[in-house]
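Worksheet: one structure, shown below.
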Amino acid sequence: MSSLNSFSKFAKPSRSSAPAVLVNNSIAYTRVSSKEQYEHNMSLSTQKALIDREAANLKIPIVEYFGGTYESAKTDGRKEFQRMLDYIAVNKGRIKYLFVYSFDRFSRTGGAAIKLKDDLLEQYGIHVISVTQPIDTSNPNGSFQQDIHLIFSKHDNVVRRQRTIINMRQKFEAGIWVTLPPQGYEIVRSGGERKIRVNDIGRKIRKAFVWKAEGMKNEEIVTRLRAMGVKMYKQQLTKILQNPFYCGIINHSLLDGKVVEGKHEKLISQELFLKINGINEKAQGYGVPHKKEEAALPLKNFIRCGECGIPFTGYVVKAKNLWYYKCNRVGCRCNRSAKLMHDDFIKLLEALSVDENCIPYVEQALIEAYHESTAGNREQEKILHRTSERSGQEDRCHRREVLRPERNDQRNLPKTRLPIRKRKG
């Protein structure tokens with residue numbers, strides 16, 4: 001009988017065992033959750049100090065540090081965290097341990113964190129070590145305890161989120177806006193109290209509401225705001241004009257369809273806001289999709305039904321290729337042939353035609369009427385033009401002051417020259 005050693009080359013390697021890592025190197029990851037924690041406490045330095053102490057006690061060298069900044073652990077798409085995973089992939093077989101301060105610093109994603117921890121061990125042979133929660137992960141019991149810690153981190157995150165939502169809802173119901181305010185407002189803290197006030201941009205946006213109430217088109221309002229130095233585009237203006245926050249009303253998804261009176265400073269009155277949005281609702285085509293104009297029906301929406309006064313729309317009888325005008329009111333059966341309507345309209349225009357000898361006088365009268373009706377707009381354009389010129393001059397003066405110091409200061413500066421490289425050849 002043949003020896004089993006002859007069949008050893010046919011043996012299959014174990015799939016469950018982690019890849020062997022011959023070196024004893026490690027990496028470290030530290031983080032905090034918010035910018036405030038990053039700037040105002042010593043958590044990051046404390047995390048790094050404890051990790052360095054634990055690594056020194058275990059005589060495990062740390063070859064690279066990651067994190068050192070504020071990153072939320074609700075997802076694993078963090079910038080520094082992802083950079084660490086890329087480093088692990090490139091240095092496969094050279095890293096054996098990953099040190100973290102605690103498992104919630106590693107991840108708060110629950111099941112996803114467990115899978116990530118298992119993948120690091122099974123694919124790269126890396127053990128995740130928490131210096132404040134020492135667990136032996138070389139056996140199933142220790143691995144199970146580690147999973148429990150990661151699940152509790154997820155649970156703690158969910159509880160915190162729920163508590164935050166409840167507090168935010170209570171604030172909103174009390175009329176207090178707790179998130180970032182819209183354009184035109186700023187957050188001011190005085191005596192430990194947080195207030196939302198109108199800033200310089202808001203005072204310029206207030207004019208946009210007034211202009212809109214006067215019937216001005218959005219394109220003209222955007223042009224004027226840009227001339228005043230306010231960054232604005234048409235869609236953004238539409239959102240502003242429809243946002244009740246500017247008249248002191250709070251609406252938020254956490255209010256479940258309700259609106260409340262806000263405690264922040266009002267930019268405009270509620271009457272002005274309702275007037276503006278009333279104009280929007282009555283505008284032609286508001287809330288319905290726009291359709292392409294039909295060349296065969298040039299009088300559509302221009303002529304009206306003689307019985308109910310509703311503008312005519314139109315349709316075509318495809319079998320005969322004949323166009324008709326019809327009343328747009330449900331139940332009104334007023335239909336008219338487009339050809340006959342066009343003939344009647346042409347006859348009407350002929351009856352209203354001007355004698356050729358009178359055309360110059362009519363043209364002059366129209367020009368004078370146009371200039372009289374647009375005099376206010378031209379005066380406003382001059383004001384905006386002068387404002388824009390002054391703003392441009394101030395910007396140029398400011399740039400000269402920043403980029404060019406005083407001549408006396410220039411004389412005192414040491415004369416330095418950059419080395420000039422000679423071209424070869």
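The values are calculated or read from the model by the stated rules, or taken from the named source; none is laboratory data. Note that this is a predicted model, so its numbers are computed, not measured. Counting neighbours? That spans all protein chains shown, and the Cβs are built from the backbone with ideal geometry, glycine included. Each accessible area value is taken on the protein alone, full model and side chains, heavy atoms only, with ligands, DNA and RNA left out. Shrake-Rupley method; radii C 1.70, N 1.55, O 1.52, S 1.80 Å.
Please work out if K231 is in a loop (DSSP other than H, G, I, E, B) and either free of Cβ contacts under 8 Å to residues at least 24 places away in the same chain or under 19 Å from the mean Cα position of the chain (by Cα) (or both). Before you say what the answer is, go through the steps one by one.
Details: in a loop (DSSP other than H, G, I, E, B): yes; either free of Cβ contacts under 8 Å to residues at least 24 places away in the same chain or under 19 Å from the mean Cα position of the chain (by Cα) (or both): yes.
Yes; evaluated as a whole, the condition is true for this residue.
Of everything in the stretch 234-254, what is in a helix (DSSP H, G or I) and either at positive phi or touching a Lys or Arg at 6+ places or on another chain (Cβ under 7 Å) (or both)? Give them in sequence order.
If the condition is that a residue be in a helix (DSSP H, G or I) and either at positive phi or touching a Lys or Arg at 6+ places or on another chain (Cβ under 7 Å) (or both), then L241, C247, L254 are the ones that fit.
If you take the residues of the stretch 179-219 that are small (G, A, S) and crowded, with 16+ Cβ neighbours inside 10 Å, which of them is farthest from H264 (Cα to Cα)?
By that ranking, first place goes to A213.
Of the residues that sit in the stretch 143-178 and are basic (K, R) and in contact (Cβ under 8 Å) with a residue 24 or more places away in the chain, which one is least open to solvent (accessible area, probe 1.4 Å)?
Taking the stretch 143-178 first, the residues basic (K, R) are 154, 160-161, 163, 169, 171.
Next cut, in contact (Cβ under 8 Å) with a residue 24 or more places away in the chain only: 154, 169.
Numbers: K154: 87, R169: 72 Å².
Among those residues, the one meeting the criterion is R169.
I need the full set of residues from the stretch 122-142 which are surrounded by fewer than 17 Cβ atoms within 10 Å (Cβ to Cβ) and outside any loop (DSSP other than H, G, I, E, B), in order please.
E122, Q123, P140, N141, G142
Among (1) surrounded by fewer than 17 Cβ atoms within 10 Å (Cβ to Cβ); (2) touching a His at 6+ places or on another chain (Cβ under 7 Å); (3) of a type outside the set (V, I, T), which single condition is P61 missing?
(2)
So which pairs qualify, if the first residue must be in the stretch 53-68 and within 11 Å of I95 (Cα to Cα), the second must be among the charged types (D, E, K, R), the Cβ gap must be under 9 Å, and the two must be at least 6 apart or on different chains?
Cβ pairs passing all conditions: I60/E54; I60/K96; I62/D52; V63/R94.
Quick one: is R108 over 15 Å from S130 (Cα atoms), of a type in the set (K, R), crowded, with 17+ Cβ neighbours inside 10 Å and at pLDDT below 90?
Working: over 15 Å from S130 (Cα atoms): no; of a type in the set (K, R): yes; crowded, with 17+ Cβ neighbours inside 10 Å: yes; at pLDDT below 90: yes.
No: the conditions fail for R108.
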